[in-house]
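Note sheet for the following structure.
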Amino acid sequence: MKLKEIAESVHGELHGPEELEISGPGKIEEACQGQITFLANPKYQQFVAKTKASAIILDSPVPDIHIPYIMVPNAYVAFMQILKLFTPVQHDYFEGVSSRAFVDPSATIHSSVRIAPLAYIGPHVRIGANTVIYPGVVILKNVRIGENCVLYPNVSVREDCVIGDRVILHNGVVVGSDGFGFAPVNGQYHKIPQIGNVIIEDDVEIGANTTIDRATTGSTIIARGCKLDNLNQIAHNVKVGENTAMAAQSGVAGSAVIGKNVTIAGQVGIVGHIKVHDRAIIAAKSGISKDVPAGMVMFGIPALPIQKQKRIEASMRHLPELMKRVRELENEIQNLKEQSERKQRGDHDQKTKDH
């Protein structure tokens, strides 16, 4: 593409030759001639003078810039748009419904749906327009899937679950597996039937090998716009609010409620039956055991407000010196105590002698 075309597509201000040919995007420290890169993090400004890229996206001035640039309000967002320009998502590996896929005669499949070989579509399933089903996908009875969805290889969607429009499920996602419900009776565990479902609303993306359990009764809900990373576990009857993002290897226990626009970093554990309110941020490897107020940033195990936790951790780093000082003070107190006792005995002996 010409540099002018790229600038127009991101609504940026071009500083450089309009006809410059750009072959694709690249990282600032790795880009080669012909590529366009970006600078959004000040930590990478050191690479601006060294980059071999032919052009760069900026959102703030850089002194002595030596290559053409496009000025935009947000360089990171603009670069995302450029990535889409050069690498549009295509699902042209197969067309129509493969004769090697199994589609139950009672299923309702829009004529534009693409279903790859070795997929299984169960009874009374409904799939909307332009949805793509890759090999190895299993969709059981009564599932509803909306329009413009993509289910990548080996996704499983269990019975009665509902998936909205523009949902992306990456490889190995399991939607609607049984919740972890067992009742102990006389030393044995008895399975509690899990008769609810999972509802995934519009514009949700779920990473590889993430599992979302069906509700015991009612629904486990992943609300509109949520983004879940790989290897997450969402337990039965959990409700995740709109536009919440959860990084990899995090888990939410049963009946917890996660609010809107919450950010959950990697390897976070959230206990059941609590509420994380809107706009909260949970730092990586934190353990959440109590309700989290709206907008609060939490960190640690057990999680505390992040500034308090940082002070605690800073204090912990000085623990050896603190212990040494405590022992010294204990020795000083013991010496003072012994001196006092000796003085008291001396005074007592002197009084006895005087008598």
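The values are calculated or read from the model by the stated rules, or taken from the named source; none is laboratory data. In this text, all values refer to a predicted model and were calculated from it rather than measured experimentally. All Cβ positions, glycine included, derive from the backbone under ideal geometry; neighbour counts span all protein chains shown.
List of remarks:
- Test: residue in the stretch 240-257 that is under 11 Å from the mean Cα position of the chain (by Cα) and closer than 20 Å to ASN197 by Cα: yes
- In the set (1) under 30 Å from the mean Cα position of the chain (by Cα); (2) at pLDDT 95 or above, LEU85 fails one condition alone, (2).
- For the stretch 73-98, a residue qualifies if it is under 30 Å from TYR134 (Cβ atoms) and in a helix (DSSP H, G or I), and the qualifying residues are TYR76, VAL77, PHE79, MET80, GLN81, ILE82, LEU83, LYS84, LEU85, PHE86.
- Residue that is farthest from the chain's Cα centre (by Cα), among those in the stretch 143-161 that are closer than 12 Å to ILE127 by Cα, part of a loop (DSSP other than H, G, I, E, B) and without any contact (Cβ under 8 Å) to a residue 40 or more places away in the chain: VAL143
- Output for the stretch 59-72, where each listed residue is in a loop (DSSP other than H, G, I, E, B) and in contact (Cβ under 8 Å) with a residue 12 or more places away in the chain: ASP59, VAL62, ASP64, ILE65, HIS66, ILE67, PRO68, VAL72
- Looking only at residues in the stretch 173-209 that are in a loop (DSSP other than H, G, I, E, B), under 17 Å from the mean Cα position of the chain (by Cα) and not acidic (Asp, Glu), the one that is nearest to LYS260 (Cα to Cα) is VAL204.
- Selection over the stretch 173-195 of residues that are of a type outside the set (Val, Ile, Thr) and over 12 Å from ALA235 (Cα atoms) gives a count of 10.
- Identity of the residue in the stretch 102-140, hydroxyl-bearing (Ser, Thr, Tyr) and assigned to a loop (DSSP other than H, G, I, E, B), that ends up surrounded by the most Cβ atoms within 10 Å (Cβ to Cβ): THR131
- Checking the stated criteria, GLY287 turns out to be in contact with a strand residue (DSSP E or B) (Cβ under 6 Å, 6 or more places away or on another chain), farther than 23 Å from THR216 by Cβ and free of Cβ contacts under 8 Å to residues at least 60 places away in the same chain.
- Qualifying residues in the stretch 242-259 (those that are assigned to a loop (DSSP other than H, G, I, E, B) and either in contact with a His (Cβ under 9 Å, 6 or more places away or on another chain) or among the β-branched types (Val, Ile, Thr) (or both)) - the one nearest to MET296 (Cα to Cα): GLY259
- Scan of the stretch 272-298 for residues that are part of a loop (DSSP other than H, G, I, E, B), more than 16 Å from the chain's Cα centre (by Cα) and surrounded by 16 or more Cβ atoms within 10 Å (Cβ to Cβ), ordered by number: ILE274, HIS277, MET296
- Which numbered condition SER99 fails, given (1) among the small types (Gly, Ala, Ser); (2) crowded, with 17+ Cβ neighbours inside 10 Å; (3) free of Cβ contacts under 8 Å to residues at least 60 places away in the same chain: (2)
- Some residue of the stretch 307-314 being assigned to a loop (DSSP other than H, G, I, E, B), surrounded by 13 or more Cβ atoms within 10 Å (Cβ to Cβ) and free of Cβ contacts under 8 Å to residues at least 24 places away in the same chain: no
- Hits in the stretch 36-58 (condition: in a loop (DSSP other than H, G, I, E, B) and touching a residue at least 12 places away in the same chain (Cβ under 8 Å)): LEU39, ALA40, VAL48, ALA49, LYS50, THR51, LYS52, ALA53, SER54
- Considering only residues in the stretch 210-239 that are in contact with a Lys or Arg (Cβ under 9 Å, 6 or more places away or on another chain) and assigned to a strand (DSSP E or B), the one that is surrounded by the fewest Cβ atoms within 10 Å (Cβ to Cβ) turns out to be SER219.
- Hits in the stretch 210-235 (condition: within 20 Å of ASN261 (Cβ to Cβ), touching a Gly at 6+ places or on another chain (Cβ under 6 Å) and of a type in the set (Gly, Ala, Ser)): ALA223
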